Amino acid sequence: MEPDTPPSHTNAKSMKKNFENPHDLGPLIFRELGFIADEEIKNSETFNCTGCGKCCTYGPYMGTMSAHEEDLQRWEDADRQDILDTADIFDWGDGESRTADLWIDPKTGDEVTSGICPWVKKIGEDNWHCTIHELRPNVCRNYPVSKEQRDQFECPGYWNDEKES
């Protein structure tokens with residue numbers, strides 16, 4: 001691949017096209033840098049999710065979701081084209097790395113703007129269930145990356161070292 005060639009892009013309908021402006025990657029890069037910075041401060045203790053759904057229904061967070069090669073491979077290995085259809089996949093042309101913007105409406109190709117993950121379903125009054133929990137992207141697996149992020153979402157989940165005795 002020539003250095004000036006922009007990465008290829010696959011939308012929800014698996015159509016490939018090139019970026020018209022390879023410098024128009026600001027939002028994707030911003031998301032990635034934010035993820036990396038938060039990842040560095042992640043508490044290594046086990047987080048105990050309460051199923052409140054605040055992370056899955058918080059619009060500003062949903063607008064920053066991304067998937068990486070490991071996530072895409074997991075969905076391909078599980079033959080989950082339905083999940084792949086909701087990912088706007090960028091192939092960086094090195095034959096090894098892809099990233100994806102999540103979540104995309106497979107019918108329109110537009111980003112889901114409801115602020116609610118398309119894979120989470122409300123159960124009862126206060127609980128939510130992830131319908132792709134075993135296959136969820138790493139950004140979800142790694143939530144929250146810090147106590148500050150948890151508190152920002154007003155999430156009632158806790159780490160083992162915070163559990164009241």
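Nothing in this text is a laboratory measurement; each read-out follows from the coordinates by a stated rule. Please read all numbers here as calculations on a predicted model, not as lab measurements. Note that each Cβ is placed from the backbone with ideal geometry, even for glycine, and that neighbours are counted across all protein chains shown.
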Simple spin-label estimate for residue 69/residue 154, 7 Å along Cα→Cβ, in nm, reads 4.1 nm
Note, residue 87: beta-carbon cut-off 10 Å, +1 each Lys/Arg, -1 each Asp/Glu, net -3
Nearest-0.05 FRET efficiency for residue 146 and residue 92 at R0 = 22 Å, using Cβ-Cβ distance, is 0.20
